[in-house]
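Following: one structure in structure tokens, then a few remarks.
Nothing in this text is a laboratory measurement; each read-out follows from the coordinates by a stated rule. Keep in mind the model is a prediction, meaning the values are calculated, not measured. Quick reminder, even Gly has a Cβ in these numbers, built from the backbone with ideal geometry, and neighbours come from all protein chains shown.
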Amino acid sequence: MSERDPVSQETAKGPPETDPRLAGEKHPVARMLAIGVVASLVGIAICLLIDWFPVDASGAAHKIDTLYDVLLICSVPVFILVMTIAIYSVVRFRAKPGDMGDGPPIHGNTRLEVIWVTIPFIMVTALAIYGWIVLDDLEAKQKNEMVVNVTGQQFAWTFEYPDQNVNSNELVLPVDQPIDFNIKTKDVLHSFWVPAFRLKSDAVPGLTTKIRLTPDRVGRYEVVCAELCGLGHSTMRQFVRVLPAGEFDAWARRQVRAGEGGTEEGESGEGSGGQGGGGGATAADGEQIFTAQGCGSCHTLAAANASGTVGPDLGKLQDTDASFVRESIIDPSAKVEQGFPDGVMPADFGNKLSREELDALVKYLLESQE
Ligand code: CUA
């Protein structure tokens with residue numbers, strides 16, 4: 001097999017002066033190594049200088065960012081090494097025009113092969129162990145965790161605080177408090193993601209998934225759905241507010257009071273006149289439903305401090321007839337307001353509400369007209 005016919009051997013070797021060593025140049029490996037080291041240092045410096053990540057607002061973010069930096073530091077030299085050898089070989093060993101001969105047959109180089117299998121194996125194994133340690137650390141149960149139940153539905157997140165007895169369509173967290181998120185979905189796959197916290201978890205029908213983290217920077221950050229979940233997926237964005245502990249407690253108390261509703265200050269805004277609706281349904285119940293069902297993430301309603309822009313402004317209804325409002329909840333496609341897309345509001349939205357809840361919601365919307 002290794003026998004070569006004299007003609008191709010000669011063309012493959014070419015004239016003797018093509019061997020760089022004979023022309024007084026350094027050995028190609030030494031050259032490539034020198035170029036590779038310089039290029040790697042420059043590449044690593046550039047990679048570390050680039051601001052890849054959004055603001056970091058949780059303990060998890062620091063560990064994850066460090067992990068990414070280590071991955072960059074390890075992968076840049078590998079990339080540079082491969083590219084240097086490839087580019088150098090293409091330029092230096094390019095066939096002369098008209099040279100149609102085969103290259104010399106090579107059986108391989110055992111030492112080189114052992115090196116290029118062993119080094120990547122050690123690198124990948126070490127990085128996998130490091131990654132596993134970080135993940136294990138992030139998932140570890142913390143002392144004094146506060147539970148927040150996150151529910152995804154087309155196309156909003158709602159948040160339940162069992163300890164505080166609060167339901168909210170805004171995520172509010174106390175700073176430096178370990179949080180245990182339990183993530184569920186009412187309909188299809190969603191993915192709960194706060195880029196500033198770095199962690200993300202799918203919401204899977206039939207399962208409860210978990211994220212643990214400790215917000216450590218006061219501020220307002222985006223909550224994003226990161227799983228294509230239907231026409232309104234791109235609008236499934238809300239905010240998380242990280243507050244000092246005292247302010248969080250005050251917020252939670254206010255929410256509890258608002259939730260208790262009608263008897264205290266639930267109706268303070270509009271008075272409790274009441275037309276439409278029926279039975280024992282009150283507009284205060286309606287406000288609670290409006291909040292719990294996440295209506296405000298798609299609709300503006302001044303009375304509920306909601307400012308969604310996906311669907312029509314519910315404080316300025318085109319038709320203030322109770323039957324129209326009811327129909328629009330049960331069958332959103334029946335009459336679609338001009339300028340808004342059909343099919344974004346879930347068609348089964350009405351099924352999620354009992355008769356009384358529907359009555360209460362209709363009543364609340366009618367009383368909330370500007
Ligand atoms: Cu929910 Cu995308």
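What the Cβ-Cβ distance of F93 and L127 gives, at R0 = 35 Å and to the nearest 0.05, is a FRET efficiency of 0.60.
Note on the chain: GNM, Cα springs under 10 Å; of V325, V114, V218, the largest mean-square fluctuation is that of V114. Taken as entire DSSP H runs, the helices of the chain that both span 27 Å or more between Cα atoms along their own long axis and average 0.0 or more on the Kyte-Doolittle scale are 28-49, 59-92, 110-139.
What do you get when you divide the Cα radius of gyration of segment 280-357 by 2.2 N^0.38 Å, with N the number of residues? Computed over Cα atoms of segment 280-357, the ratio equals 1.03.
Short-range pairs are left out: with C-alpha atoms under 8 Å and at least six residues apart, the relative contact order of segment 293-352 is 22 percent.
Pairs over the 32 Å Cα-Cα cut-off, from the set K143/K352; K210/K363; K210/K316; K316/K352; K186/K316: K143/K352; K210/K363; K210/K316. Taking amide hydrogens as placed 1.01 Å from N in the peptide plane, the amide H of D331 sits under 5 Å from that of no residue at least 5 positions away in sequence or on another chain.
On full extension, the segment bounded by D319 and V70 gains 83.7 nm, given 0.36 nm per residue less the C-alpha separation.
DSSP loop trypsin sites (Lys or Arg not before Pro) in segment 75-121 with at most 11 other Cβ atoms within 10 Å of their Cβ, which ones?
Passing sites in segment 75-121 are R94.
Using r as the Cβ-Cβ distance of V55 and T110, and R0 as 45 Å, what FRET efficiency do you calculate, to the nearest 0.05?
0.35
One chain, two ends: L48 and R253. Fully extended at 0.36 nm per residue, the span grows by 69.4 nm beyond their Cα-Cα distance.
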